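The values are calculated or read from the model by the stated rules, or taken from the named source; none is laboratory data. As the structure is a computational prediction, the values presented were derived from the model and not from experiment. Every residue, glycine among them, receives a Cβ derived from its backbone with ideal geometry; neighbour counts consider all protein chains shown.
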Amino acid sequence: METPKTSSFRLPLTAVLVVGFGGLVAVAVAVVLYLGVAIGRENTLNLLSDKAEAAMDSMVSHIDLRLQPIVEQALWISREVSDGGLDIDDRTQLDTFMLGALAGTPQTAGLAIIRHDGEYLRYMRDARDVVAAMSEHNAEFADWFKEVGQAKAPKWRQPNWDNPLNEPILILETPLQRNGGLLGILIQAVPVSSFSRYLANNVSVTGFDTPFILIEKSRVLVHPLLASLTPEARSEQNLPTVEEIGDVILESMWSSVNKRP
């Protein structure tokens, strides 16, 4: 009995070539698309990073340009006292000198000189007058006076709230010495709102950049929205919170960070 012959199935050569080359083309296209998307994403991130760095550099440069003249003025006043050109015990000379110094640094809201016994003279720009008063002479004041007196150069303090100005300020403290003795401390106050106004003007030009400065992630020192936040509308005498200024993106950013395990 003869066994029937079975024919084996064979793909046509044309079909094999079409499928093979087609598959290679599909893989090649997929690789090219993937690389294109990956490279495009990387380039976009790099451009955004460069833009963010440029914005931060611009903000830092602006702040430095506004603060550096105040440091230079502090060093000049300190040298005048040290060399005997300015006698802080002569009220007539001192008042004329300090009110004139305000003209050299329009970014400052006021100057003050505090003596070791707590007596201080405060020179205000807007009022163009001199306020003489006494600070509470307690252990905290004595420690602060000693700390500043031991400093070798002007020193910026942590921003705090100023009641006369009704807004946060930056304070530069400089010891005034003569013949090795501490005569008093020079205080220069810079309103923080001026930096926010600068940022607000900058954002209005760019349209979408929103630089900001935070302290301890919860308090806002500088933000474009602070330029329109009136101090009178705030009940708390402190730096505004992230929630208070109404920047939902900034608020959600820190919320997502805090929720991470």
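Does residue 41 satisfy the condition of being modelled with pLDDT under 85, within 30 Å of residue 126 (Cα to Cα) and surrounded by 10 or more Cβ atoms within 10 Å (Cβ to Cβ)? No.
Each row is one residue, and each column tells you yes or no for (1) under 19 Å from the mean Cα position of the chain (by Cα); (2) at pLDDT 70 or above; (3) not assigned by TED's automatic domain parsing to the domain that holds residue 130.
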residue: 172; (1), (2), (3): yes, yes, no
residue: 180; (1), (2), (3): no, yes, no
residue: 198; (1), (2), (3): yes, yes, yes
residue: 207; (1), (2), (3): no, no, yes
residue: 218; (1), (2), (3): yes, yes, yes
residue: 224; (1), (2), (3): yes, yes, yes
residue: 230; (1), (2), (3): no, no, yes
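In the range 154-162, the count of residues that are modelled with pLDDT of 75 or more and farther than 30 Å from residue 246 by Cβ is one or more. Residues that are over 14 Å from residue 190 (Cβ atoms) and either surrounded by 14 or more Cβ atoms within 10 Å (Cβ to Cβ) or touching a residue at least 40 places away in the same chain (Cβ under 8 Å) (or both) within the range 58-75 comprise 58, 59, 75, listed in sequence order. Summed over the range 98-117, residues that are at pLDDT 85 or above and in contact with a helix residue (DSSP H, G or I) (Cβ under 8 Å, 6 or more places away or on another chain) total 9.
Exactly one residue out of 95, 87 is in the same structural domain as residue 179 (by TED's automatic domain parsing), of a type in the set (D, E, K, R), touching a residue at least 24 places away in the same chain (Cβ under 8 Å) and over 30 Å from residue 196 (Cβ atoms): that is 95.
What do you reckon, is residue 124 touching a helix residue (DSSP H, G or I) at 6+ places or on another chain (Cβ under 9 Å) and either farther than 20 Å from residue 70 by Cβ or not basic (Lys, Arg) (or both)? Yes, satisfied.
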